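The values are calculated or read from the model by the stated rules, or taken from the named source; none is laboratory data. All values reported here derive from a predicted model rather than from experimental measurement. Glycine gets a Cβ as well: all are built from the backbone with ideal geometry, and neighbour counts include every protein chain shown.
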Amino acid sequence: MAKYDDSFKLKVAQEAAQRTVAVRKLASQYGVDPALVRRWRDNYLRHGSTGIAKKLTLYSAAFKQRVLERIRSEGLSHRQAMALFDIRMSGLIGQWQRQYDSGGLDALTSARERRTRMHKKPTTPKPAEELTREELLEEVLYLRAETAYLKKLDALILEKQAATHGKPPRKPSKG
């Protein structure tokens, strides 16, 4: 699919919004797919010149569900819903519909949202006097692993720096 700059899209959308020339004729005149002209026109009419610019947005599962429910309840086309909700990527609503049909609301949840939901709330640590022997041992093992990881990371950084400067790597500190 060809990429068009925002000024070109705005010019075509404004001409299409005037409705003095049929969309098909206007599309033919500019060598653009009529569906694109309609989308640009609809976005321009609903959101003004900002509706033409590129928009990179991550949509929540709740937003996706709201869009799909509105399409179903009002009988909107995908193109109409795209203009109404200011969704600028074609095919996105169809993708959401397929996901929802196959797995319900959970299928609409992005991987980023799932990762965010899975994080545990940080617990406030108990004072050392209140910890059991097992908890203390677990913490010691964790701290040892963390220290070993940080030492290895330090060694790798020093090795990389030495390689870029042409010097032999120095040994990391024991601390």
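Brief remarks follow.
- Candidates A27, A61, A83, A13, filtered to the one that is in contact (Cβ under 8 Å) with a residue 24 or more places away in the chain, more than 25 Å from the chain's Cα centre (by Cα) and crowded, with 17+ Cβ neighbours inside 10 Å: A13
- Within segment 36-58, the only residue that satisfies the criterion of being in a loop (DSSP other than H, G, I, E, B) and crowded, with 18+ Cβ neighbours inside 10 Å is I52.
- For segment 129-137, the condition holds for no residue, the condition being that it is assigned to a loop (DSSP other than H, G, I, E, B), closer than 29 Å to E15 by Cα and modelled with pLDDT of 85 or more.
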